[in-house]
Amino acid sequence: MKIIKAILPVAGLGTRFLPITKAQPKEMLPIVDKPILHYLVEEAVNSGIEEIIIVTGRGKRSIEDYFDYSIELESNLVEKGKEGLLAEVRAIPNLAKIAYVRQPMPLGDGHAILCAAHLVGDEPIAVLFGDDIIDSEKPALAQMMKVFEKTRSPVICVEEVPAENISSYGVIDPESSDGNIYKIKGLVEKPKQGDAPSNLGIVGKYIVTPEVLECLKEIEKKEGEEIRLIDGFRRYIEKGGSIYGYKFEGKRYDTGDKWGWIKATIDYTLKREDLGKKLKDYLKEIK
Ligand code: UTP
């Protein structure tokens, strides 16, 4: 079955990026001149996704404005004869069919996904979190879809993480592997260094089947705790379901983290024809 829908939950508070996230969604921070969310929408569309559901929250209206037409700006660009910019700006609302739902309270990434569940039928879907961007020849999601075609099971994107960073990640416990594909027997949230079942940390890209969504719906919200997507996957494994981890090809940036965002900004700028050389020269100058 072809995957045509993606849920992008972006209603989190972005506390790792305060104070800017007090009044600015972290998903709207630019990597050079496009917001992070634009890269994610492109990744989804270039992987064959036809419908995107963005789960927003309070203070995130700029997301809807960004993917909408901007009549004043467009007439201004027409008047000034700035055709290149005009074409660029006009292309944005046509990137994809986007629907929005709101998560009334930030009760966890799993809860955010459930806020969009009524827009999904009995079909597998993609879920892309708002901070992981991957620079790769083939979009990471398209790579994961290939794994889904083979396994017909939920897929979790993973990467090798240095031991000293593993305690910031959800980590998979692999039962067996076949190249870059791992059959998962367990999932551990933020293990202590030394206790981790592998060095494979979870990246915020998933293929979720209706069965996993059902498991997520069964998770009871406990006072003061969030509902996380990983809880749904755990329950699915407990019920005997098979899940696979996939180690993607490409370079991943955690743009929800200040240092990750800085690295993404530098690397994407260096790749730009108009800015790359300038940045290289500048870095040499200040070194
Ligand atoms: P994160 O944990 O990375 O995002 O959630 P966060 O909570 O915004 O960030 P920090 O840790 O406080 O800095 C993963 C994804 O799930 C979304 C986030 O927006 C992000 O895309 N999310 C998280 C929601 O949509 N709702 C929530 O209640 C929590």
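The values are calculated or read from the model by the stated rules, or taken from the named source; none is laboratory data. Predicted, not measured: the structure shown is a model, and the values here were computed from it. All Cβ positions, glycine included, derive from the backbone under ideal geometry; neighbour counts span all protein chains shown.
The table for this structure:
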item: Exclusive hit being under 26 Å from I49 (Cβ atoms) and touching a Cys at 6+ places or on another chain (Cβ under 9 Å), set Y236, Y182; result: Y236
item: Pairs where the first residue, in the stretch 4-23, is over 12 Å from K60 (Cα atoms) and part of a loop (DSSP other than H, G, I, E, B) and the second is at pLDDT 95 or above and more than 7 Å from the ligand (Cβ to nearest atom), C-beta under 7 Å, 6+ apart; result: I4/I49; I4/E50; I4/E51
item: The stretch 7-23, subset in contact with a helix residue (DSSP H, G or I) (Cβ under 9 Å, 6 or more places away or on another chain) and more than 8 Å from the ligand (Cβ to nearest atom), residue modelled with the highest pLDDT; result: I7
item: Residue match in the stretch 66-78 (condition: touching a strand residue (DSSP E or B) at 6+ places or on another chain (Cβ under 8 Å) and assigned to a helix (DSSP H, G or I)); result: yes
item: Qualifying residues in the stretch 57-75 (those that are within 11 Å of P93 (Cβ to Cβ) and in contact (Cβ under 8 Å) with a residue 24 or more places away in the chain) - the one farthest from the ligand (Cβ to nearest atom); result: Y69
item: Hits in the stretch 24-43 - residues which are assigned to a loop (DSSP other than H, G, I, E, B) and within 11 Å of the ligand (Cβ to nearest atom); result: P25
item: Positions within the stretch 44-56 being within 14 Å of the ligand (Cβ to nearest atom), among the small types (G, A, S) and not in a helix (DSSP H, G or I), in sequence order; result: none
item: Qualifying position, being in a loop (DSSP other than H, G, I, E, B), over 20 Å from the mean Cα position of the chain (by Cα) and over 18 Å from V127 (Cβ atoms), among K284, K183, K221, K277; result: K221
item: Selected residue [out of contact with any helix residue (DSSP H, G or I) (no Cβ under 9 Å at 6 or more places or on another chain), under 30 Å from G232 (Cα atoms) and modelled with pLDDT of 95 or more] from I52, I4; result: I4
item: Per-region count, the stretch 251-266, residues surrounded by fewer than 15 Cβ atoms within 10 Å (Cβ to Cβ) and touching a residue at least 40 places away in the same chain (Cβ under 8 Å); result: 2
item: Residue tally, condition outside any loop (DSSP other than H, G, I, E, B) and in contact with an Asp or Glu (Cβ under 9 Å, 6 or more places away or on another chain), over the stretch 197-218; result: 9
